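K.L.:
Attaching a single structure in structure tokens format; questions to follow.
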Amino acid sequence: MKLLLALAFAAAALAVPAHASAAPRVLAIHFTSDVNPVTADWVNSELDHAQSNGYSAAVIVLDTPGGLEDSMRKIVQKELSLKIPVLVYVAPAGARAASAGVWISQAADLLAMAPETNIGSSTPIQGNGANIGSDLRRKEINDAAASLRGLAKSHGRNEAWADAAVRKASNLTAAEALRKNVIAPTLPALLNKVDGRVTVPRHFTLDTKDATIVNSSPGFFTRFLSTLIDPNIISLLFLAGLAGLGFELFHPGVVIPGAFGAICMVCALFGLSILPVAWGGLALVLLGAALLVADLHVTSHGALTLSGLVAMALGFIVLFHNAPAPYHVSSELVVTATVIIGTIWAFAISKALAIRHAPAAVGPEQIVGLEGIARDDGYVLVQGELWRAHSRDHLAPGERVKVDALDGLTLDVHRIDA
């Protein structure tokens, strides 16, 4: 009997630390950038990670100016489909959940805000910041208002404010949102405050008391790809790619400018494939590039180059006309970069054409009679320059030759016997 009691006490002693160590874990996803395809994929993958690795909850620590609607809807769909509770915490102090961030917040099982934060401004507008035309505006706003009201209603939040956030660009500070949202100065304080709460409408019981917080932020690759879809970066990359490829055309064999230009062009095309672009702007960009190439083969005294640069600058300015506010291009940057690239391009063309049409600097009277050394593949080295050579003798590399005549850019030579 004593042995059995001892074993029971030992088992109980072992069970206590095992139970104590089973503290809940929460994944804190720090989302502090625009809502775009790259960041949306990252957030959704982190939410999947939280679910598949047994986390008690996932918290999106949010600070965003908004972004692309399609990307926002992907995040919202993921939040609504997850099998663990998703919390959105607008933090730190000074953070905001604007535009697309409002939808992400309203789709959460629980919405919380840090002091001195705000949420709102969800009225649809054109990419250039102007109001949408009356008929289309009515359609867009009614659709957006219904969507946000639906999320607010299903989660037991203020439908009237959700409607006003769309129709009147209404904003709420953390203090003003206190009745419907949780206010907490820090994430640990928030998790302790909401422990045991049952969420609406999915009826999750939050288990977040003294939870172990695992922080997650975008890695280098995610930040790099997100940077590539900045319209200003795309414009610069496209122009740099054009300059590098153009330099390689004029100076074949240099390699580095051509390789650099190709890399820049591929990166620019990646950005163009991600953002919503205006087809008219894209047509102007492609027309500008075509005019620059055409000027290599047509004598236009720079008119085609100038026209191409103007077309490309205008194209880049209107290219992202349909994108929301975070994805506008700086007109000043595009114009400045276009002028610089245009100057370099014009200089390169003028030099290439001058060399192409210049008379031969070496005539028969200067080169006939000189001696050189045979090289591989039918070339000879004469006075430090490689010439294509023709000879009735079979020349081996390293043999000495003498120039008999100059025929265009080919030398007639014969072997000098030792």
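The values are calculated or read from the model by the stated rules, or taken from the named source; none is laboratory data. The shown structure was predicted, so the numbers you read here are calculated from the model rather than taken from an experiment. A quick note on method: Cβ atoms are made from the backbone with ideal geometry, for glycine too, and the neighbour counts reach across all protein chains shown. These area figures cover heavy atoms from the full protein model, side chains too; ligands, DNA and RNA do not enter into them. Shrake-Rupley method; radii C 1.70, N 1.55, O 1.52, S 1.80 Å.
K.L.:
To the nearest 0.05, how large is the calculated FRET efficiency for LYS193 and GLU116 if R₀ is 22 Å and r is the Cβ-Cβ distance?
P.N.:
Computed FRET efficiency for LYS193 and GLU116 comes out at 0.80.
K.L.:
Which distance in Å, rounded to a whole number, links the C-alpha centroids of the stretch 394-418 and the stretch 151-175?
P.N.:
88
K.L.:
If all Cα-Cα distances of the stretch 43-84 are sorted into 5 Å bins from 0 onward, what percent lands in each bin, rounded to whole numbers?
P.N.:
5, 21, 31, 25, 12, 6, 1
K.L.:
Using the Karplus equation 6.51 cos²θ - 1.76 cosθ + 1.60 (θ = phi - 60°), what ³J(HN,Hα) coupling, rounded to whole Hz, does each residue of the stretch 91-104 give in order, writing x for Gly and Pro?
P.N.:
Per residue, the Karplus-derived 3J(HN,Hα) values read 7, x, 4, x, 6, 9, 10, 10, 6, 4, x, 5, 5, 4 Hz.
K.L.:
For SER45 and GLN77 in the same chain, what is the full-extension length gain: residue separation times 0.36 nm, less their Cα-Cα distance, in nm?
P.N.:
Values: separation 32, 0.36 × 32 = 11.52 nm, distance 1.28 nm.
Extending this stretch completely gives an extra 10.2 nm.
K.L.:
Based on the Kirkwood radius over alpha-carbon pairs, what is the Stokes-Einstein translational diffusion coefficient of the stretch 262-348 at 37 °C with 0.692 mPa s viscosity, in µm²/s? Intermediate values should be presented prior to the final figure.
P.N.:
Numbers: Rh = 13.5 Å.
It comes out at roughly 243 µm²/s.
K.L.:
Rolling a 1.4 angstrom probe over the protein heavy atoms, how many square angstrom per residue are accessible across the stretch 208-247? The partial results should precede the final answer.
P.N.:
Values: 1840 Å² over 40 residues.
Spelled out: the 1.4 Å probe surface of the stretch 208-247, per residue, equals 46 Å².
K.L.:
Let me check I've understood the local charge: for VAL88, count other residues with C-beta under 12 angstrom from its C-beta, Lys and Arg +1, Asp and Glu -1. What total comes out? Please list the in-between numbers first.
P.N.:
Details: positive: ARG157; negative: ASP63, GLU79, ASP109.
Result for the local shell: -2.
K.L.:
Something else: If you wrap a convex hull around the alpha carbons of the stretch 287-333, what volume per residue comes out, as a whole number of Å³?
P.N.:
On the way: hull volume 3.0 nm³, N = 47.
Taking the convex hull of the Cα positions in the stretch 287-333, it is 64 Å³ per residue.
K.L.:
Dividing the alpha-carbon radius of gyration of the stretch 158-281 by 2.2 N^0.38 Å (N being the number of residues), what value is obtained?
P.N.:
1.81
K.L.:
While we're on this one: Using modelled amide H (1.01 Å from N, peptide plane; none on Pro or chain starts), what sits under 5 Å from the amide H of SER170, excluding residues fewer than 5 places away?
P.N.:
Answer set, sorted by chain and number: SER121, SER122, ALA165.
K.L.:
Just the C-alpha atoms of the stretch 205-346: what Rg/Rh do they give, with Rh taken as the Kirkwood radius? All intermediate terms of the calculation are to be shown ahead of the outcome.
P.N.:
On the way: Rg = 19.4 Å, Rh = 16.6 Å.
Expressed as Rg/Rh, it is 1.17.
K.L.:
I'm checking a number: the convex hull volume of the Cα atoms of the stretch 370-414, normalised per residue, in Å³. What is it? Provide the component values of the computation, followed by the final result.
P.N.:
Details: hull volume 2.8 nm³, N = 45.
Spelled out: Cα convex hull of the stretch 370-414, divided by residues, is 61 Å³.
K.L.:
Okay, moving on. Run the quick spin-label model on VAL200 and ASP70: label points 7 Å from Cα toward the beta carbon, then report their separation in nm to one decimal.
P.N.:
It is 3.5 nm.
K.L.:
Work the Kirkwood hydrodynamic radius out for the stretch 263-311: mean of 1/r over every pair of different alpha-carbon atoms, inverted, in Å. Numbers along the way, then the final one.
P.N.:
Working: mean 1/r = 0.0847 Å⁻¹.
Value: 11.8 Å, from the Cα pair sum.
K.L.:
Here is a further query. What is the distance in Å between the Cα centroid of the stretch 276-327 and that of the stretch 28-72?
P.N.:
What the calculation gives is 36 Å, centre to centre.
K.L.:
For VAL43, what is the net charge nearby, where nearby means another residue's Cβ is under 15 Å from its Cβ and Lys, Arg count +1, Asp, Glu -1? The partial results should precede the final answer.
P.N.:
Values: positive: ARG73, LYS74, LYS78, ARG223; negative: ASP34, ASP41, GLU46, ASP48, ASP63, ASP70, GLU79.
Surrounding charge for VAL43 is -3.
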